[in-house]
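A short worksheet on the structure shown next.
The values are calculated or read from the model by the stated rules, or taken from the named source; none is laboratory data. The structure presented is a predicted model; accordingly, all values stated were derived computationally and were not measured. No Cβ is skipped: glycine too gets one built from the backbone with ideal geometry, and neighbour counts run over all protein chains shown.
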Amino acid sequence: MGRVYRAFDAEIKEHVALKILNPDIASDESVIERFRNELKFARKISHRNVCRMYDLGRAEDTTYISMEFVSGEDLKTLLKRVGQPAHSSVLGKRQGEKQAKHLLWLLAIISKRKILRSG
């Protein structure tokens, strides 16, 4: 889909995450429309475990999504470091239960606001 970079926004003078979409995806207007809709929906959700999305834009031939920069280890690096989870959670039972509760809460909010789409 794309690559995410840490970028410095000179206008607001802070770091943001910048997802650069692959050119083959960015050239499909229906895909861009899907990203526009997801951005609209994402802006309706405010939670400490969900990063904020700011903008979908284009600069020359590059399409990007700007979002909140969250420092820390990304999932790909975590999985390389600890390996793929088997039966037991990488996070441990208690932490896994906490994450599951957050996920269920988020799904309830998404469902209540009719954000999920089928298909």
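Structural remarks
- Matching entry among 117, 81 (being basic (Lys, Arg), exposed (fewer than 13 other Cβ atoms within 10 Å of the Cβ), at pLDDT below 75 and not in a strand (DSSP E or B)): 117
- Within this structure, residue 34 fails the test of being among the charged types (D, E, K, R), within 25 Å of residue 102 (Cα to Cα), surrounded by 10 or more Cβ atoms within 10 Å (Cβ to Cβ) and without any contact (Cβ under 8 Å) to a residue 12 or more places away in the chain.
- Qualifying positions in region 37-47 - surrounded by 14 or more Cβ atoms within 10 Å (Cβ to Cβ) and touching a residue at least 24 places away in the same chain (Cβ under 8 Å): 39, 41, 45
- Apart from one condition, residue 19 fits all of (1) farther than 28 Å from residue 98 by Cβ; (2) basic (Lys, Arg); (3) buried (at least 16 other Cβ atoms within 10 Å of the Cβ); the exception is (1).
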